[in-house]
Structures are given as structure tokens and as C-alpha cells.
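J.: Pasting a structure below so you can have a look.
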Amino acid sequence: MNPLRTKSLLLGLSATLPLVSVGVVEGDCNCRGNAAPVMAPVPMTMPGPMAMPGPMTMPGPMTMPGHVAMPGPYVGQRYAPPQVAPQPAAPRYTMPQRPPGFRPFEATAPPGTLGRTYKLCSRPLPEDEHPRNAGLEVKLSEPVVEIYVEKMEDGYVDREGMWHFMTEKPLLPHTPPIVRVVMTREDEGETVQDVRDVRLIPGRILSVEF
């Protein structure tokens with residue numbers, strides 16, 4: 001076969017076919033051992049078009065606690081807000097009624113000497129008494145059958161009708177030295193008790209009059 005004819009046939013086939021596999025074409029016949037191989041051209045192909053994702057869908061209607069949501073219509077790809085049913089208004093809070101004369105910021109002291117102890121007459125204890133002891137002198141405007149003071153020894157009455165009391169033991173620090181005086185009287189054949197609260201003064205004898 002003629003080498004020139006073979007080469008022309010190969011070039012014609014490469015021009016007519018769209019794709020040609022890689023091959024080796026000799027530049028001359030096999031009788032020439034020093035002929036260099038020639039690579040056939042390989043056409044390049046472009047990738048196809050990329051597929052786009054489909055349209056996104058909106059989630060269903062959301063409801064809040066305590067509300068009844070009605071399903072809303074869809075307009076194309078847009079979601080219309082749900083229709084909320086009207087709810088009754090919550091009742092208003094009203095302050096509780098207080099009794100007449102109620103004063104929360106004004107404390108009322110019980111009957112006795114609380115709040116005015118240091119305005120009353122007092123004198124120091126005798127030197128033989130403990131410095132944290134406290135004494136009490138009670139002068140009564142009406143006669144009594146019995147008088148008792150808690151946390152204090154049994155008292156005695158002098159010639160002038162003054163009752164004298166002394167604490168059983170020294171008063172403790174940081175403890176309110178408040179005692180209760182109970183006076184028993186007779187009123188038209190009935191026994192009546194009159195109770196007063198007294199604040200003592202450590203190291204002094206307090207004089208009160210009931």
C-alpha cells in the first residue's frame with residue numbers, strides 16, 4: 001500500500017467523525033525504523049446544563065397557646081397570615097377591701113410602757129445587785145387582790161402602797177426585757193384582770209403607775 005494514500009485516508013476519517021479514540025499513526029511505513037509516532041487529536045466536550053432545585057414550600061399555619069388559629073389561604077408561593085379568633089379580655093385585678101381605720105404603716109403598742117420607757121422615772125440599782133438586773137415599782141390607783149409580774153420575784157408592798165419587784169436572774173443581752181404585769185381586781189363581785197406590758201431597764205429600777 002502506498003504510504004501517502006494511507007495518510008490521506010486517516011486525515012479524511014478524522015475530519016468526518018466527531019470523536020476519535022487516541023491512536024498512533026506512523027509517519028512512514030514500517031520499513032523505516034527511525035519514524036516517530038504522531039498522536040491523533042482528541043476533541044474536547046463541554047458538560048451539560050446543571051439542574052436547578054424545585055420551588056420551596058412554606059410550612060403550615062402556626063398557633064400560639066390560648067388562641068384558635070384558622071387556616072389561611074395560600075397565594076401562589078406566598079403564605080397569608082392565619083386568622084386568630086378573638087378571645088375574652090382577662091379580668092382586672094382589684095385590691096382587697098380593708099377594714100375602716102386600717103393603717104399598715106402605724107404600729108399600735110399594747111397597753112403599758114412600750115415606746116415611752118425612757119421617759120418615765122427611774123433610779124440606779126443598789127450596789128449589791130447584779131448590773132444586768134432590773135427593778136420595777138408599781139403604784140396602783142385602785143386596790144387589787146393580787147399582782148403578778150412574769151420573770152420577776154414575788155414583790156412586796158410598802159406602807160405607801162408601792163409594789164416592789166426584782167428580776168429573778170440577770171437579763172440576757174440582745175433579748176427584749178419586756179415583762180407582763182397582771183393585776184387582779186374585784187368589780188361588783190366579779191374578778192377582773194388588767195394586763196400591762198412593761199419594758200425594763202437593765203441596771204435601773206423603773207417606776208410606773210397604773
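Each reported figure results from applying straightforward, stated rules to the coordinates on display, with no laboratory input. Since the structure is predicted, the reported quantities are computational estimates derived from the model, not experimental observations. No Cβ is skipped: glycine too gets one built from the backbone with ideal geometry, and neighbour counts run over all protein chains shown.
J.: Give the residue list of GluC sites (Glu not before Pro) in region 154-210 that are DSSP loop and have at most 12 other beta-carbon atoms within 10 angstrom.
T.: On the way: sites: Glu160, Glu168, Glu186, Glu188, Glu190, Glu209; in loops: Glu160, Glu168, Glu188.
When the GluC sites (Glu not before Pro) of region 154-210 are filtered for loop state and at most 12 Cβ neighbours within 10 Å, Glu160, Glu168, Glu188 remain.
J.: Here's another thing I want to ask about it. Where nothing but the Cβ of Lys and Arg (+1) and of Asp and Glu (-1) is charged, how large is the charge dipole of region 117-209 around its Cα centre, in debye to the nearest 20?
T.: 660 debye
J.: What percent of all Cα-Cα pairs in region 117-209 falls in each 10 Å bin, counting up from 0?
T.: 16, 49, 28, 7, 1
J.: Further, regarding this structure: As an exercise, use a Förster radius of 41 Å and the Cβ-Cβ distance of Met50 and Val84 to find the FRET efficiency, rounded to the nearest 0.05.
T.: 0.40
J.: What FRET efficiency comes out for the pair Glu146/Ile178, r = Cβ-Cβ distance, R0 = 25 Å, nearest 0.05?
T.: 0.75
J.: On to the next question. Subtract the Cα-Cα distance of Glu188 and Glu160 from 0.36 nm times their separation in residues, and report this length gain in nm to one decimal.
T.: Extra length available between Glu188 and Glu160 comes to 7.5 nm.
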